[in-house]
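Presented below is the structure to which this report refers.
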Ligand code: HEM
Ligand code: FES
């Protein structure tokens, strides 16, 4: 099921499965894939029945502190509350100018590369990675290092033996951020970044352990760029099939918001995320016992014809309501305002700089091959 | 909140094109009253920080303790965060049309 062809065009495979077996057990993942919009919503809206605290993440070898994305309330709520104030739409909007400047300065470097390059290496990778580095206060020169570790860490969602490789990378990332956090705390030099916010919150008596802060920083280093990198990549793939839209993006940057919304629906970078049942539960006609693992497929839900007309068509003006690209419910993406800001800046800026940009058909697109992400490891383009 | 009415205020919610009228008692948020009435309004942080629960105000008045979950333009356009929002007097109508 999860071969390279699947990862390049997942919705094509989902289409047939949704019709015949919308609740579909995948042995390699020991998980039930869910492909209907109503089923996926059912799971995300009921975190008591569908826990994010999968026992798979607790092994003796790789025991780490909980993060908000792998825990249930009240732990989830407590951890999320520490970071939520930094990610409000109001505060994120203030970053616009700095993010625009960074984007243009990276594009200046991209221009020097000539007329063919790997977009991931040149632009869509570094741009969000540097944004999240600056937000956390970690040195921006470190981004190649944490990009490499983060790319390995997502392998934890694959079956063994990759799972262990991923778990180990996750620990390496915790250690990297942990060392930075300790250094910051000891030096006492606090600034206007999230790490300083964490240290201040802890000093002011917020209930959180050092291990939890380490794991939170490490979660941000992963969640904060891999996804946005692929939102940019996926937008380029969507626009490649649509010359009129490319021209519109250059002429009318105001359409960026609608464009990003439709990319999130049509080729959202997060395919889905695992949940674990705490009781016997029915999904459609399938009865799952307590202790079952499910993988609600956001992308499959976003292409459900019961929810969206002509779901296989990329329509700029669709403004899909209720798309699940950022999830739903208590775990809905914390970084949504930041991700939107970055993408709404980056995509028009890229096409303004390179109006002729096209995917290089002489090179293969190398997809990210993990069951929770839809994106590219390499996306070669011609300008 | 001197002089606030003690009886519940009626609030109209237009969700997916359907009108529903709910009673929001003193001290309760629009979100909790809506959920209590069996309606679904999407929410996430439930403290006014994320913006997930925003609805557009078509008429009437609302107050909210925290509006960090809205941008300045959204405040201007009359959005209300249901998780921290309460009606201010009768006639509040909110819609999920963006
Ligand atoms: C296009 C970019 C992004 C997409 C599509 C995306 C998507 C998602 C999705 C679907 C979830 C829910 C996971 C679940 O239900 O288990 C999620 C959670 C999360 N995302 Fe994002 N994300 C993006 C960017 C970001 C960024 C830039 C950050 C910045 C730090 C971020 C931080 C988080 C965190 C911390 C959570 C966990 C929230 C919780 O458990 O309460 N994401 N994201
Ligand atoms: S649910 Fe987050 S602002 Fe209301």
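The values are calculated or read from the model by the stated rules, or taken from the named source; none is laboratory data. Predicted model only: the values in this text are computed from it and were never measured. With ideal geometry, Cβ positions are generated from the backbone for all residues, glycine too; neighbour counts draw on all protein chains shown.
Taken over the range B:42-64, the residue count meeting the criterion of being within 6 Å of ligand 2 (Cβ to nearest atom) and out of contact with any helix residue (DSSP H, G or I) (no Cβ under 9 Å at 6 or more places or on another chain) is 1. Identify all residues within the range B:16-52 that are away from ligand 1 (no atom under 16 Å from the Cβ) and over 16 Å from residue B:62 (Cβ atoms); write none if there are none. The answer is B:16, B:17, B:18, B:19, B:20, B:35, B:36, B:37, B:38, B:39, B:40. One residue alone among A:138, A:99 is touching a helix residue (DSSP H, G or I) at 6+ places or on another chain (Cβ under 6 Å), in a loop (DSSP other than H, G, I, E, B) and either within 16 Å of ligand 1 (Cβ to nearest atom) or away from every other protein chain (no Cβ under 14 Å) (or both), and that residue is A:138.
Kindly establish whether residue A:377 is in contact (Cβ under 8 Å) with a residue 12 or more places away in the chain, under 22 Å from residue A:7 (Cα atoms), more than 16 Å from ligand 2 (Cβ to nearest atom) and part of a loop (DSSP other than H, G, I, E, B). Against the criterion (in contact (Cβ under 8 Å) with a residue 12 or more places away in the chain, under 22 Å from residue A:7 (Cα atoms), more than 16 Å from ligand 2 (Cβ to nearest atom) and part of a loop (DSSP other than H, G, I, E, B)), residue A:377 does not qualify.
Quick test for you: out of B:76, B:16, pick the one residue that is farther than 29 Å from residue A:78 by Cβ and free of Cβ contacts under 8 Å to residues at least 12 places away in the same chain. Quick ask: steps written out before the conclusion?
Working: B:16 fails: free of Cβ contacts under 8 Å to residues at least 12 places away in the same chain.
Sole residue among the options that is farther than 29 Å from residue A:78 by Cβ and free of Cβ contacts under 8 Å to residues at least 12 places away in the same chain: B:76.
Each row is one residue, and each column tells you yes or no for (1) closer than 30 Å to residue A:50 by Cβ; (2) at pLDDT 90 or above.
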| position | (1), (2) |
| --- | --- |
| A:73 | yes, yes |
| A:93 | no, yes |
| A:98 | no, yes |
| A:111 | no, yes |
| A:122 | no, yes |
| A:138 | no, yes |
| A:151 | yes, no |
| A:161 | yes, no |
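So the check is Cβ under 8 Å with 6+ separation or different chains; which pairs have a first residue in the range A:204-226 that's within 14 Å of chain B (Cβ to nearest Cβ) and a second one that's within 13 Å of ligand 1 (Cβ to nearest atom) and assigned to a loop (DSSP other than H, G, I, E, B)? Pairs found: none.
All of (1) touching a helix residue (DSSP H, G or I) at 6+ places or on another chain (Cβ under 7 Å); (2) within 14 Å of chain B (Cβ to nearest Cβ); (3) under 22 Å from residue A:207 (Cα atoms) hold for residue A:89 with one exception: (3).
Look through the range B:34-88, keep the residues that are at positive phi and more than 14 Å from chain A (Cβ to nearest Cβ), and return whichever of them is surrounded by the most Cβ atoms within 10 Å (Cβ to Cβ).
So in the range B:34-88, the residues at positive phi come out as B:38, B:46, B:48, B:51, B:60, B:78.
Pick out the ones that are also more than 14 Å from chain A (Cβ to nearest Cβ) and you get B:60, B:78.
Details: B:60: 18, B:78: 14.
Filtering the range B:34-88 for residues that are at positive phi and more than 14 Å from chain A (Cβ to nearest Cβ), the one surrounded by the most Cβ atoms within 10 Å (Cβ to Cβ) comes out as B:60.
Looking across the range A:313-326, the residues that are surrounded by fewer than 20 Cβ atoms within 10 Å (Cβ to Cβ) and in contact with a helix residue (DSSP H, G or I) (Cβ under 7 Å, 6 or more places away or on another chain) come down to A:314, A:315, A:316, A:317, A:318, A:319, A:320.
Conditions tested, residue by residue: (1) within 16 Å of ligand 1 (Cβ to nearest atom); (2) under 19 Å from residue A:71 (Cβ atoms); (3) within 14 Å of chain B (Cβ to nearest Cβ); (4) surrounded by fewer than 16 Cβ atoms within 10 Å (Cβ to Cβ).
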residue: A:189; (1), (2), (3), (4): no, no, no, yes
residue: A:237; (1), (2), (3), (4): yes, no, no, no
residue: A:246; (1), (2), (3), (4): no, no, no, no
residue: A:279; (1), (2), (3), (4): no, yes, no, yes
residue: A:288; (1), (2), (3), (4): no, no, no, no
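Residue A:73 meets each of the listed conditions (1) surrounded by 16 or more Cβ atoms within 10 Å (Cβ to Cβ); (2) within 19 Å of residue B:43 (Cβ to Cβ); (3) touching a residue at least 24 places away in the same chain (Cβ under 8 Å) apart from (1).
What are the residues in the range A:24-45 that are surrounded by fewer than 20 Cβ atoms within 10 Å (Cβ to Cβ) and touching a residue at least 60 places away in the same chain (Cβ under 8 Å), if any? Before the answer, list the steps.
Filtering the range A:24-45 for residues surrounded by fewer than 20 Cβ atoms within 10 Å (Cβ to Cβ) gives A:24-30, A:38, A:42, A:45.
Listed by number, the residues that qualify are A:26, A:28, A:29, A:30, A:38, A:42, A:45.
Is at least one residue of the range A:318-335 in a strand (DSSP E or B) and more than 16 Å from the chain's Cα centre (by Cα)?
Step one: filter the range A:318-335 for residues in a strand (DSSP E or B), giving none.
No, every residue in the range A:318-335 fails to be in a strand (DSSP E or B) and more than 16 Å from the chain's Cα centre (by Cα).
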